[in-house]
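K.L.:
The structure follows.
Every read-out reported here was derived from the displayed coordinates using simple, explicitly stated rules and does not represent laboratory data. Please read all numbers here as calculations on a predicted model, not as lab measurements. We place every Cβ from the backbone using ideal geometry, glycine too, and count neighbours over all the protein chains shown.
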């Protein structure tokens, strides 16, 4: 996991995803691409903008830590095959349900 600011995540977003704006989280699965089989034990990378996470936490009335944990969870779910952007509404609902399920566990255990 990498925590950066809006400037850093905007650079990554522009260079790799061709979107010239900051976002809250970007993830890259290691199993994808030309060298996807190089290290099968490594899931991938999650990059989070602390600036965006802080704004979203304030807007949502939640702690920064809670928002950061949620974004990490969101990124890990992307790496493990969940996709709310390209796979349609049913997949988006499936991903959101999994996020709620796991986040509830984290909350119950006092981790967020």
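K.L.:
Could you work out how far the C-alpha centroid of the range 39-94 sits from that of the range 2-19, in angstrom?
P.N.:
Measuring centre to centre over Cα atoms gives 15 Å.
K.L.:
Further question: Provide the packing ranking of 9-17, 47-55, i.e. peptides ordered by the mean count of other C-beta atoms within 10 Å per residue, highest first. It would help to have the intermediate numbers written out before the result.
P.N.:
Numbers: 9-17: 15.4, 47-55: 19.4.
Output ranking for 9-17, 47-55: 47-55, 9-17.
K.L.:
Out of all Cα-Cα pairs in the range 51-103, roughly what percent, to the nearest whole number, are more than 13 Å apart? List each step's numbers first, then the result.
P.N.:
Values: 822 of 1378 pairs.
Taking all Cα-Cα pairs of the range 51-103, the fraction more than 13 Å apart is 60 percent.
K.L.:
Just one of [x] -0.31, -1.40; [y] -0.39, -1.29; [z] -0.25, -1.44 is log10 I(q)/I(0) by the Debye sum over Cα atoms at q = 0.10, 0.23 Å⁻¹ as worked out from the coordinates here. Which one is it?
P.N.:
Answer by label: [x].
K.L.:
Let me ask you something else. Considering only DSSP beta bridges with both partners in the chain, what is the antiparallel share in %, to the nearest 5? Could the numbers behind the result be given before it?
P.N.:
Numbers: 5 of 8 bridges.
Roughly 60 percent of the beta bridges in the chain run antiparallel, per DSSP.
K.L.:
Further question on the same structure: Can you give the calculated 222 nm mean residue ellipticity of the chain, where each DSSP H run of n ≥ 4 adds -39,500 (n - 2.57) and the sum is split over every residue, rounded to the nearest 500 deg cm²/dmol?
P.N.:
Numbers: 4 runs with 59 residues, N = 112.
My calculation for the chain gives -17000 deg cm²/dmol from helical runs alone.
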